[in-house]
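FYI, it's all coordinate maths here, none of it is from the lab. Keep in mind it's a predicted model, so treat the numbers as computed, not measured. Cβ: placed from backbone, ideal geometry, glycine included. Neighbour counts: every protein chain shown.
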Amino acid sequence: MERLEMVMLEIREISYTYDNAKKAALQSISFELDRGEIVGLVGHNGAGKSTLLECISGLKWPQSGKIIINEKEYGISFVPNDLFLYNMLTIKETLYFIGSLHSLSRIEIDKVIKPLLRLFSLNSKENDYMKDLSYGMKQQVALIIGILSKPTYFLLDEPMNGFDALSTKKTKDYLTSLAKEKEIGILLSSHRLDIIEDICDRVVILNTGRLVYEGTVSQLKNNQTFEDALISVSGDKHADNF
Ligand SMILES: Nc1ncnc2c1ncn2[C@@H]1O[C@H](COP(=O)(O)OP(=O)(O)OP(=O)(O)O)[C@@H](O)[C@H]1O
Ligand SMILES: [Mg+2]
């Protein structure tokens with residue numbers, strides 16, 4: 001895909017240290033996310049992926065650096081890894097409730113959610129309580145919640161955890177169509193290298209709070225498997241401990 005002239009969302013030198021932590025969780029991270037592209041955020045456990053997504057979404061305030069958005073009107077939607085869902089609401093009640101918080105009418109909410117409930121085969125469960133759903137189903141409802149606010153940038157923290165093969169395939173196709181047809185910029189973290197390789201235009205690799213690679217998966221691989229190439233740029237996060 002041709003990159004747009006002007007970068008739309010710029011992450012510039014973001015650093016974040018948790019209270020009482022000895023080491024920064026993020027050290028001067030810079031990269032860009034344009035409308036219409038899917039960027040994968042990859043790295044070992046504790047590399048800083050969730051912290052970075054929280055900083056970009058505004059849930060955390062970095063000690064230094066900036067998020068610059070070159071648009072007058074935009075919306076950022078973040079689907080975190082540790083979901084907070086209302087156990088005693090049904091799927092439909094949850095979606096109507098969240099939709100109403102975004103000032104959407106029932107007709108507008110239905111227009112967004114009906115095709116997505118069908119996509120995830122959740123339409124027969126729309127009157128089930130959230131507490132009675134499987135983990136993968138809850139993740140799917142969380143994705144629909146994220147879309148309800150009609151974001152221009154969609155941040156997803158390990159969005160397909162617990163998805164079966166068919167749901168994974170449908171979600172990959174859906175995210176690709178959101179990016180390419182609706183020009184939404186998507187940043188998603190995942191340990192599933194197959195997903196990253198299938199749908200991401202570029203990857204950003206973090207290692208212990210530092211950005212160690214930004215570019216395409218094919219450039220990174222250079223005749224290796226994605227897994228081997230990732231491990232070779234990431235090094236061994238445990239090495240410091242020995
Ligand atoms: N609430 C917290 N308080 C202190 N340190 C934290 C807190 N949350 C995360 N950290 C630390 O910040 C660093 C980055 O954590 P983060 O959760 O962003 O990693 P991650 O890349 O999302 O890992 P994973 O793949 O396991 O989800 C880690 O060293 C972690 O121990
Ligand atoms: Mg995480």
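Annotations
- Condition check for ILE199: within 30 Å of SER232 (Cα to Cα), of a type outside the set (Asp, Glu) and in contact (Cβ under 8 Å) with a residue 60 or more places away in the chain: yes
- Filter pass, GLU13 being outside any loop (DSSP other than H, G, I, E, B) and touching a Pro at 6+ places or on another chain (Cβ under 8 Å): no
- LEU104, sole failed condition from (1) closer than 30 Å to GLN27 by Cβ; (2) in a loop (DSSP other than H, G, I, E, B): (1)
- For region 16-51, filtered to residues that are in a loop (DSSP other than H, G, I, E, B) and of a type in the set (A, V, I, L, M, F, W, C), the residue that is farthest from ligand 1 (Cβ to nearest atom) is ALA24.
- With respect to the stated conditions, GLY209 is under 13 Å from GLY43 (Cβ atoms), touching a residue at least 40 places away in the same chain (Cβ under 8 Å) and of a type in the set (Gly, Ala, Ser).
- Some residue of region 21-42 being farther than 16 Å from LEU188 by Cα and acidic (Asp, Glu): no
- Scanning region 198-213 for residues that are under 25 Å from TYR16 (Cβ atoms) and either hydrophobic (A, V, I, L, M, F, W, C) or surrounded by fewer than 17 Cβ atoms within 10 Å (Cβ to Cβ) (or both) yields a count of 8.
- Qualifying residue in region 57-66 (condition: in contact (Cβ under 8 Å) with a residue 40 or more places away in the chain, on the phi > 0 side of the Ramachandran plot, in contact with an Asp or Glu (Cβ under 9 Å, 6 or more places away or on another chain) and not β-branched (Val, Ile, Thr)): yes
- Total residues in region 52-86 satisfying the condition of being within 16 Å of ligand 2 (Cβ to nearest atom) and not in a loop (DSSP other than H, G, I, E, B): the figure is 8.
- Of everything in region 175-197 that is hydroxyl-bearing (Ser, Thr, Tyr) and surrounded by 17 or more Cβ atoms within 10 Å (Cβ to Cβ), the residue that is farthest from ligand 2 (Cβ to nearest atom) is SER190.
- Here is the figure for region 92-115: residues that are closer than 22 Å to SER167 by Cβ, surrounded by fewer than 19 Cβ atoms within 10 Å (Cβ to Cβ) and touching a residue at least 12 places away in the same chain (Cβ under 8 Å) total 2.
- Of all residues making up region 182-227, the number that are small (Gly, Ala, Ser) and on the phi < 0 side of the Ramachandran plot: 4
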